[in-house]
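The values are calculated or read from the model by the stated rules, or taken from the named source; none is laboratory data. Only a predicted model underlies this, so the values are computations on that prediction, with no experimental measurement involved. Heads up, the Cβs are rebuilt from the backbone with ideal geometry, glycines too, and the neighbour counts pull from every protein chain shown. Please note that ligands, DNA and RNA were not included when accessible areas were found on the heavy atoms of the full protein model with its side chains. Shrake-Rupley method; radii C 1.70, N 1.55, O 1.52, S 1.80 Å.
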Amino acid sequence: MELSWSTFVLEIVNFLVLLWILQHFLYRPIAEVIARRKAGIDKVREDAQALHAEAQQLKQQYENRLADWNAERQQARAVLERELEAQRRAGLEANRSALEQEREKTRVVEASRQAEARRALQETALAQGAQFATRLLEAAAGAETQSGLVELVIAGLSQLSAERVAAIRQSAESGTGDLVVLSALPLLPEQRDRLQQALLSVAGVSTPPRFELREDLLAGVRITLGPWVLGCNLRDELAGMAALRHAQ
Amino acid sequence: MAAADLQIAPVIELGPLVITSTVVTTWVIIAVIWLCCWLLARRIALQPGPFQTAAEGVVTTITDAIAEVAPDHAQRIMPFIASLWIYLVIANLTGLIPGAHSPTRDLSATAALAFLVFLSTHWFGIRIQGLGNYLRHYLRPSPVLLPFHLISEVTRTIALAVRLFGNMMSLEMAALLILLVAGFLAPVPILMLHIIEALVQAYIFGMLALIYVAGGIQSQQRPESEKE
């Protein structure tokens, strides 16, 4: 248990040397590698935080974009719905107009068809009436009726206007035809002479007319001079009535 | 024979300088530590191997223990305290090697370490607080306590040296006595106790040195409650 000063001093020196060795070969390298590792970890952490922040930013950006897309989609849908509504209304309006036109057309066609039917019925009625009148006049026609009609012709010829008389004489002068008198029944001699005299006087010709029989005239006479025709018989009257009614 | 084994035999004598087995053993320990550290420093990497992981674990654990006591100056005093712990663990366990003796069974070695602790306490205290502030703490809480402070500085240093020396020497002596009385393999249990005792004594020495140094550094620092 002696204290050796040599050992004391050498141990002090030894420990200081050991302290230097440990400081340079253990503490400092380990501190440096721990610091580098910590710096690396901090860098990785900062990178991770930066990535996280970037991811958050991207997420926010994506959500904003999604919201914008949703808004645009809603807006586009609203516009589309408005356009569809407008087109639907336009289509309905067009359909309504077309239907109205079709209805008007149908109404016009129906009216035309009814008018045509009514006209056909009227013509049928006229034809039937004419047939009835023809049969009635055929039954009622006779010498008295023809005599009356001849008298009416003679009186009418004497009352013709100057223009008509001039037109008749012009037809006679053109020589396109003979003066012909058709009668349903044989004329009485006295009536025949007066009628001839009246015709010659009106036509201004000297050639006596040719008298012929036409039973289908029922009663009365038909006088022709070229294009000029004077009908005063039941057949022509019935035909004239039918033509007049048909013209109306 | 027992007396010869307990004697610190001189190996080389160069005039007044006597190199004992304690110094030689210390040189061997330093050489081994230097070799290990050199190999570690050469192969140190960000992805640590098993050896580097153990070394980092040791250094980190010591740094954390120092930071618990002196959080503001842990990096500054860590090399000294950590070197004490590492050296004492290895030196104390050296006695388990057949034919070798622990350097700490020599009072000269433990006294040298205790003297270094004594010096470092004042060194760190003056470096950190300044000479005036550091010397002023001997007058607190009352100048009357100055002699007791001075006596404490000496006695705790002596106690530090003698405690480690006494424990380590007594362990080797006990093992030697048991070997002499009971024969071969009988001291094995006491050698197992030697391991525990070596670790405990290294821890106690290093922790006391840490407390002394931290006390010297923080003697002028008032608690937060007093500041308020």
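I'm trying to understand the selection: among the residues of the stretch B:87-122, which are facing chain A (nearest Cβ under 9 Å), under 12 Å from the mean Cα position of the chain (by Cα) and farther than 14 Å from residue B:207 by Cβ? Passing the criteria: B:87, B:103, B:109, B:110, B:111, B:112, B:115, B:116.
Of the residues making up the stretch B:54-79, those that are away from chain A (no Cβ under 11 Å) and not small (Gly, Ala, Ser) are B:61, B:64, B:66, B:68, B:69, B:71, B:72, B:73, B:76, B:77. Would you please name the residue that is nearest to the chain's Cα centre (by Cα), looking only at residues in the stretch A:1-33 that are closer than 19 Å to residue B:48 by Cα and more than 7 Å from every other protein chain (Cβ to nearest Cβ)? Ranking the qualifying residues of the stretch A:1-33, first place goes to A:32. Please determine, by comparing only the residues of the stretch B:26-42 that are over 13 Å from residue A:26 (Cβ atoms) and at the interface with chain A (Cβ under 10 Å from one of its Cβ atoms), which one is surrounded by the most Cβ atoms within 10 Å (Cβ to Cβ). If we take residues in the stretch B:26-42 being over 13 Å from residue A:26 (Cβ atoms) and at the interface with chain A (Cβ under 10 Å from one of its Cβ atoms), then B:26 is surrounded by the most Cβ atoms within 10 Å (Cβ to Cβ). Considering (1) aliphatic (A, V, I, L, M); (2) modelled with pLDDT of 90 or more; (3) not in a helix (DSSP H, G or I), the lone condition that residue B:100 does not fulfil carries the number (2).
If you go through the stretch B:9-25 and keep only what is closer than 17 Å to residue B:95 by Cβ and at the interface with another protein chain (Cβ under 7 Å from one of its Cβ atoms), you end up with B:20, B:22, B:23.
Just one of (1) assigned to a helix (DSSP H, G or I); (2) facing another protein chain (nearest Cβ under 7 Å) fails for residue B:46. It is (1).
One line per residue, one yes/no per condition, for (1) surrounded by fewer than 17 Cβ atoms within 10 Å (Cβ to Cβ); (2) at pLDDT below 85:
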| position | (1), (2) |
| --- | --- |
| A:148 | yes, no |
| A:152 | yes, no |
| A:169 | yes, yes |
| A:185 | no, no |
| A:193 | yes, no |
| A:209 | no, no |
| A:212 | yes, no |
| A:217 | no, yes |
| A:237 | no, yes |
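Output the number of residues of the stretch B:163-181 satisfying the condition of being within 16 Å of residue B:202 (Cβ to Cβ), within 12 Å of another protein chain (Cβ to nearest Cβ) and open to solvent by 30 Å² or more (accessible area, probe 1.4 Å). Quick ask: steps written out before the conclusion?
Step one: of the stretch B:163-181, the residues within 16 Å of residue B:202 (Cβ to Cβ) are B:163-172.
Adding the requirement that they be within 12 Å of another protein chain (Cβ to nearest Cβ) leaves B:165-166, B:169-170.
Those still in the list that are open to solvent by 30 Å² or more (accessible area, probe 1.4 Å) too: B:169-170.
Of the residues in the stretch B:163-181, 2 are within 16 Å of residue B:202 (Cβ to Cβ), within 12 Å of another protein chain (Cβ to nearest Cβ) and open to solvent by 30 Å² or more (accessible area, probe 1.4 Å).
Within the stretch A:154-167, being closer than 15 Å to residue A:194 by Cβ and open to solvent by less than 50 Å² (accessible area, probe 1.4 Å) holds for A:154, A:155, A:156, A:157.
Of B:98, B:50, all but one fail to be without any contact (Cβ under 8 Å) to a residue 60 or more places away in the chain and either in contact with a helix residue (DSSP H, G or I) (Cβ under 8 Å, 6 or more places away or on another chain) or closer than 23 Å to residue B:171 by Cα (or both); the exception is B:98.
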